[in-house]
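Participant: Below you will find the structure I want to go over with you.
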Amino acid sequence: MSKIKKLTFIIGITFLLISCGKNDSPSSITDKFLSALTKQEFEIAKTYGTDDTDRLLDMMIGYKKMGAEPFLQDAVFDIIDEKINGDEAKVRVKVEGRNKELVFNLEKEDGKWKVAMNKETINESDANIFDLGATNTDTAQVNP
């Protein structure tokens, strides 16, 4: 069995086990959202996002159609924790190979948690999801 098939099998089993457990928690929704993104299944990812998130995913679909490199295809994520405050939540995610963590905002819509991303939340983040895979070309160093 090839590495890709083994990895797909392990991810599938993990996804199945997680979805049998706490399938509606902010962490679980974030995990499902990221799993769909890594598989380039943007329409599935949309089911876990707010309307604003859907619009951002539509842009990603457009980039993919224009021949852009696959987005997040090889990224490995580890959910660190979640904090719930009423109908809002924050889920911290570590991305293998990156120093900074991603923080996903979630909101409850019709009683279900949804990943809430928009242009403003992406620009405010130090380690946003759309930055993954980008090359930092800034060679200037800042001395304290």
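The values are calculated or read from the model by the stated rules, or taken from the named source; none is laboratory data. Note that the structure is predicted; figures quoted are calculated from it, not measured. With ideal geometry, Cβ positions are generated from the backbone for all residues, glycine too; neighbour counts draw on all protein chains shown. Note: accessible area is taken over every heavy atom of the protein model, side chains too, but ligands, DNA and RNA are not part of it. Shrake-Rupley method; radii C 1.70, N 1.55, O 1.52, S 1.80 Å.
Participant: Within the set of pairs 6+ apart or on separate chains, which have a first residue in the range 40-63 that is at positive phi, a second that is open to solvent by 40 Å² or more (accessible area, probe 1.4 Å), and C-beta atoms under 6 Å apart?
Facilitator: Sorted first by the residue in the range 40-63, then by its partner, the pairs are 40/70.
Participant: Shifting gears a bit: Would you please name the residue that is modelled with the lowest pLDDT, looking only at residues in the range 132-142 that are open to solvent by less than 80 Å² (accessible area, probe 1.4 Å) and hydrophobic (A, V, I, L, M, F, W, C)?
Facilitator: Filtering the range 132-142 down to residues open to solvent by less than 80 Å² (accessible area, probe 1.4 Å) leaves 132-134, 140.
Cutting the leftovers down to hydrophobic (A, V, I, L, M, F, W, C) gives us 132, 134, 140.
Working: 132: 52, 134: 41, 140: 44.
Here the residue is 134.
Participant: If you don't mind, there's one more thing I want to ask. In the list 44, 29, which residue meets the criterion of being at pLDDT 90 or above, within 14 Å of the chain's Cα centre (by Cα), farther than 21 Å from residue 92 by Cβ and surrounded by 12 or more Cβ atoms within 10 Å (Cβ to Cβ)?
Facilitator: 44
Participant: Is it true that some residue in the range 47-58 is modelled with pLDDT under 85, among the polar types (S, T, N, Q) and surrounded by 11 or more Cβ atoms within 10 Å (Cβ to Cβ)?
Facilitator: Within the range 47-58, not a single residue is modelled with pLDDT under 85, among the polar types (S, T, N, Q) and surrounded by 11 or more Cβ atoms within 10 Å (Cβ to Cβ).
Participant: Exposed (fewer than 15 other Cβ atoms within 10 Å of the Cβ) and part of a helix (DSSP H, G or I): does that describe residue 64?
Facilitator: Judged against the criteria, residue 64 is a match.
Participant: In the range 70-96, which residues are over 20 Å from residue 40 (Cα atoms) and open to solvent by 40 Å² or more (accessible area, probe 1.4 Å)?
Facilitator: Start the filter on the range 70-96 by keeping residues that are over 20 Å from residue 40 (Cα atoms), which leaves 80-92.
The answer is 80, 81, 82, 83, 84, 85, 86, 87, 88, 90, 92.
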